[in-house]
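A quick write-up on the structure given underneath.
The values are calculated or read from the model by the stated rules, or taken from the named source; none is laboratory data. Just so it is clear, the structure is predicted and the values come from calculations on it, not from any experiment. Ideal geometry is used to build each Cβ from the backbone, glycine not excepted, and the neighbour counts take in all protein chains shown. The area values use the complete protein model at the heavy-atom level, side chains included, leaving out ligands, DNA and RNA. Shrake-Rupley method; radii C 1.70, N 1.55, O 1.52, S 1.80 Å.
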Amino acid sequence: MPCGEDWLSHPLGIVQGFFAQNGVNPDWEKKVIEYFKEKLKENNAPKWVPSLNEVPLHYLKPNSFVKFRCMIQDMFDPEFYMGVYETVNRNTKARVLHFGKYRDVAECGPQQEVDLNSPRTTTLERQTFYCVPVPGESTWVKEAYVNANQARVSPSTSYTPSRHKRSYEDDEDMDLQPNKQKDQHTGARQAGSVGGLQWCGEPKRLETEASSGQQPNSLNLSSPFDLNFPLPGEKGPACLVKVYEDWDCFKVNDVLELYGILSVDPVLSVLNNDERDASSLLDPMECADTAEEQRVHSPPASLVPRIHVVLAQKLQHINPLLPACLSKEESKTCKFVSSFMSELSPVRAELLGFLTHALLGDSLAAEYLILHLISTVYTRRDVLPLGKFTVNLSGCPRNSTFTEHLYRIIQHLVPASFRLQMTIENMNHLKFIPHKDYTANRLVSGLLQLPSNTSLVIDETLLEQGQLDTPGVHNVTALSNLITWQKVDYDFSYHQMEFPCNINVFITSEGRSLLPADCQVHLQPQLIPPNMEEYMNSLLSAVLPSVLNKFRIYLTLLRFLDYSISDEITKAVEDDFVEMRKNDPQSITADDLHQLLIVARFLSLSAGQTTLSRERWLRAKQLESSRRARLQQQKCVNGNEL
């Protein structure tokens, strides 16, 4: 472990040291950031930092150094805090300067009080993000991060016994007992010490705006706190993340890895109750709005901990088997990447065989599934996203568990995914589009609030006859816009706001999908297993974990490769297109050429080639010809049946 654990267990002590040396000179803040940057570079130090994703909250020590892998679900208004403040001793009149950065509550000794009128006090601004664990993160990703983490933690002794037994799933019960929580802390607060912090009289919040509090009891009891996860069934902590530098670099739906100081002071809940009591003196209508906003923006710290960010990194991907940074320039020089690229051909062959078995012996469908899984929006021309490759796998057996098990296979390969069961009930009742709640002043999440490179599998085989109501029609429109334009229009009541995205959409259906798709592949099973579950389970268990990991690296890595077409090949493609049009003007259109170029692009990348070769162009034409012939054949069969 890195020598000297103080930076992990007592990071505020490190910060205090730099502040004491430099005083009000702002250089101390840069020195703090540089110190932690250097610490994280030595001896695999990031693996020793406890993660909120893997470690239950009650095992983490308050004010310790932690990390969190998350998605920005919402951005709250900036808040003011006392960057530097002065306390005065009531007996000796001695004055002491303190820093307010990385803290929620002012530090104040038993005989001290904050001098709010001190000329040395500085008010600064910080941004608050509401962050949730990465939606749809695969089990294998979570397990790999858990296995890599070497942090040593034990249950914290700074919590009340009732909190020792509480897991993330149970924590929402805390919100139902605010009065009990207040009673537990009242004695400690009056004695002048709460959670290890010394106070004179009432504790003082750093924020200058009244943004804390909880709903009145009647509302709390009827609606426990909603952690606002985009996808159903998600677990893990949501966090209020306080950012001090460069917050303009981040936007909603970005995936981040944060390093910072954990704040779970019990006094935060006490303050929430005090502000709730104060808000009861306001106008009743204003009180309801204020209470709802306070409840959402300052939930109990035991349920939604705070992280004061020291370092933040935007993640390009969440695959734990690869280096965090995979920019095109770095991927060329990285030894890991170059060694993997040298053995790409056998990995592709094995993956093709594996997916062929998963698709019941259909090797053509397996080829297109590989191309789909490595596809990504590489640029936008005006409003058109280039690189998207939505595949509609038609011909899937109805009333079968095939689509469910195929999704399980995909889950084992990609870092994040979600299966949308397209039933009439789901389409009419699920919330797809995030919308702004102006009462609570927050963005209420929807199913389509997903980070880049998520695999969205839409199962249309479950669709029965029925009537779509207005929300259902809006949901279908939202899916169509996502597929066609790679954007989701969030609902802000008075207007819609466009959020670009990069979601891989794979549609399974019996006939042609009701939704638009870039490419339809009709499944031609070569075998029908009598027991689908047993067949798919044996397929997964037959693959060695090391081989499965190679598949995972392959599918993530190829998204980051650069790609180009030489002038020579461009001329050859143009001549080819003219020749095909000359022979049969109806055989190929400009859209067909675009489709061919997309297939050729991902076919080349799937073989590790970053430029288009004549051989790959001919192979792309062959694949497209086979796919179209199969669709034509199916159309004739269906015509005869009618």
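Restricting VAL505, VAL473, VAL547 to those that are open to solvent by less than 50 Å² (accessible area, probe 1.4 Å), assigned to a helix (DSSP H, G or I), among the β-branched types (Val, Ile, Thr) and assigned by the TED database to the domain that holds THR423 reduces the list to VAL547.
Do we have LYS182 as modelled with pLDDT of 90 or more and surrounded by 16 or more Cβ atoms within 10 Å (Cβ to Cβ) here? Judged against the criteria, LYS182 is not a match.
For GLN595, the conditions (1) modelled with pLDDT of 90 or more; (2) open to solvent by less than 30 Å² (accessible area, probe 1.4 Å); (3) not in a helix (DSSP H, G or I) are fulfilled apart from (3). So how many residues does segment 81-112 have that are open to solvent by 70 Å² or more (accessible area, probe 1.4 Å) and touching a strand residue (DSSP E or B) at 6+ places or on another chain (Cβ under 7 Å)? Result for segment 81-112: 4.
To keep it simple, each residue is scored yes or no on (1) assigned to a loop (DSSP other than H, G, I, E, B); (2) open to solvent by 70 Å² or more (accessible area, probe 1.4 Å); (3) acidic (Asp, Glu); (4) modelled with pLDDT under 75.
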{"residue": "LEU268", "(1), (2), (3), (4)": "no, no, no, yes"}
{"residue": "GLU275", "(1), (2), (3), (4)": "no, no, yes, yes"}
{"residue": "LEU281", "(1), (2), (3), (4)": "yes, yes, no, yes"}
{"residue": "ASP289", "(1), (2), (3), (4)": "no, yes, yes, yes"}
{"residue": "LEU322", "(1), (2), (3), (4)": "yes, no, no, no"}
{"residue": "PHE354", "(1), (2), (3), (4)": "no, no, no, no"}
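Among the residues of segment 135-155, which ones are in a loop (DSSP other than H, G, I, E, B), among the hydroxyl-bearing types (Ser, Thr, Tyr) and surrounded by fewer than 18 Cβ atoms within 10 Å (Cβ to Cβ)? Answer for segment 135-155, where residues must be in a loop (DSSP other than H, G, I, E, B), among the hydroxyl-bearing types (Ser, Thr, Tyr) and surrounded by fewer than 18 Cβ atoms within 10 Å (Cβ to Cβ): just SER154. Quick check, is THR556 modelled with pLDDT of 95 or more, more than 23 Å from the chain's Cα centre (by Cα) and closer than 23 Å to SER606 by Cα? Criteria not met by THR556. Take segment 356-388 and flag every residue that is under 22 Å from PHE560 (Cβ atoms), open to solvent by 10 Å² or more (accessible area, probe 1.4 Å) and not aliphatic (A, V, I, L, M). Scanning segment 356-388 gives GLU367, THR376, TYR378, THR379, ARG380, ARG381, LYS388. Among the residues examined, ASP562 qualifies as within 30 Å of ALA144 (Cα to Cα), at pLDDT below 95 and surrounded by 11 or more Cβ atoms within 10 Å (Cβ to Cβ).
Using the structure shown, decide if SER417 is polar (S, T, N, Q), surrounded by 19 or more Cβ atoms within 10 Å (Cβ to Cβ), under 17 Å from the mean Cα position of the chain (by Cα) and assigned to a strand (DSSP E or B). Against the criterion (polar (S, T, N, Q), surrounded by 19 or more Cβ atoms within 10 Å (Cβ to Cβ), under 17 Å from the mean Cα position of the chain (by Cα) and assigned to a strand (DSSP E or B)), SER417 qualifies. Of everything in segment 522-537 that is within 14 Å of PRO397 (Cα to Cα) and of a type in the set (A, V, I, L, M), the residue that is most open to solvent (accessible area, probe 1.4 Å) is ILE528. Among the residues of segment 565-592, write down those that are assigned to a loop (DSSP other than H, G, I, E, B), surrounded by 15 or more Cβ atoms within 10 Å (Cβ to Cβ) and in contact (Cβ under 8 Å) with a residue 12 or more places away in the chain. Within segment 565-592, ILE565 is the sole residue that qualifies.
I need every pair where a residue in segment 337-349 that is in the same structural domain as ALA366 (by the TED database) has its Cβ under 9 Å from the Cβ of a residue that is among the aromatic types (Phe, Trp, Tyr), sequence separation at least 6 or different chains. Close Cβ pairs satisfying both conditions: VAL337/PHE560; PHE340/TYR554; LEU344/TYR554; VAL347/PHE340; VAL347/PHE551; VAL347/TYR554; ARG348/TYR554. Condition test on GLN449, is it modelled with pLDDT under 95 and assigned to a loop (DSSP other than H, G, I, E, B)? Against the criterion (modelled with pLDDT under 95 and assigned to a loop (DSSP other than H, G, I, E, B)), GLN449 does not qualify.
The rows are residues; the columns are (1) buried (at least 16 other Cβ atoms within 10 Å of the Cβ); (2) charged (D, E, K, R); (3) at pLDDT 90 or above.
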{"position": "CYS3", "(1), (2), (3)": "no, no, no"}
{"position": "GLN21", "(1), (2), (3)": "no, no, no"}
{"position": "ASN25", "(1), (2), (3)": "no, no, no"}
{"position": "GLU29", "(1), (2), (3)": "yes, yes, yes"}
{"position": "PHE36", "(1), (2), (3)": "yes, no, yes"}
{"position": "ASN44", "(1), (2), (3)": "no, no, no"}
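Of the strands (runs of 3 or more DSSP E) lying entirely inside segment 79-134, those containing at least 3 residues that are over 19 Å from ILE307 (Cβ atoms) are 79-89, 95-99, 112-114.
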